[in-house]
Amino acid sequence: MTGASRSVHDDSPPATDDETDLEPPRSADRAPKPTRRIERVVVRELRTLSRTRTFVLLGAAFAAVLLGIAWVGGGVGAGYVPTIVDLLTPLELLVPIVAVAFGYRAILGDRRRGELDVLETYPIAPREHVIGVFVGRAVGLLGTVAASLLLVGGAVVVGREEPFSRYASHAGADSPLLFARFVVLTALFALSILAVAIAISALVSGTRSALALSVVALVVVLVGLDLALVYGLAGGYLGESSLVYALAASPLSAYRGLVFETVVITAAGTGPQTASPVASLIGLAVWTIGSLAVATAAMNR
């Protein structure tokens, strides 16, 4: 198999002793610290991402799509908040797809190449391996998401039709700080979906099953949980007053609610409460930490 074909079908090239970049087995009193062991896994993941053309192409396509949507939708000429409104719905679909692409083979690839069996002889715990994989993949994912959104923000700076001083001179001001907040919230959403993808990668034993389960997870995240909330509201199981807190149960709804509550409504200056920011942040944190815990438990089997 050539290097090019391997980069398409396997996002991690076969590891050698040097590429694993972990300390050889040693006695307990000489074992490296947990932070050092995690760091070595992070470096390995970053090296894998940098060598895989698929991720580079994915990042370029993601940036091009966001720029195209912002330009065609007119947000670039209108300002930061109109651009955010144009991008929100596409990002609700695109971010989970990109996050799953970064994570659904992360641990599965190690298992298929036999690296997990080798790592059992090294002084590294499953949770350290999972954290290292998550952090390494998160760096690549956040680089893709943040860089793409910053390109869009730069396009707004260049292409806006109103001078910035006017935006800041009246209530409901359009501000680059709101766009920065939007970037941070999108990054948190991406991390929660990446953690779900890594959990799937640890649970499955084959590429096809990983892909199938990832598709199911995307459907559940993008559609299923929202439909469950709608059903609960329509059936009287959820009251209108509790809905703003219940939205935190879905990472997608939590993200959408955070954007509306802390960015769009803030810019407008008034509007009904669409979500509880604290509950939504807790919801994203629970999805992230819970998924990594599932991945760790799967590796301990």
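Where a number appears in this text, it was derived from the coordinates with a stated rule and is not lab data. Just so it is clear, the structure is predicted and the values come from calculations on it, not from any experiment. Glycine also receives a Cβ, built like all others from the backbone with ideal geometry; neighbour counts cover every protein chain displayed.
Just a few scattered comments:
- The listed peptides 189-200, 130-141, 36-47, ordered by packing as a protection proxy, come out as 189-200, 130-141, 36-47 (highest mean of other Cβ atoms within 10 Å first).
- Subtracting the Cα-Cα distance of ALA268 and VAL230 from 0.36 nm times their residue separation leaves 11.1 nm of extension gain.
- FRET efficiency for the SER241 to VAL184 pair, using the beta carbon distance and R₀ = 25 Å, is estimated at 0.35.
- Extension gain, VAL158 back to ALA293 (0.36 nm per residue minus Cα-Cα distance, nm): 44.2 nm
- Karplus (6.51, -1.76, 1.60) ³J(HN,Hα), θ = phi - 60°, over the stretch 80-95, in Hz, Gly and Pro reported as x: 5, 5, x, 5, 4, 4, 5, 8, 4, 5, x, 5, 4, 9, 6, 4
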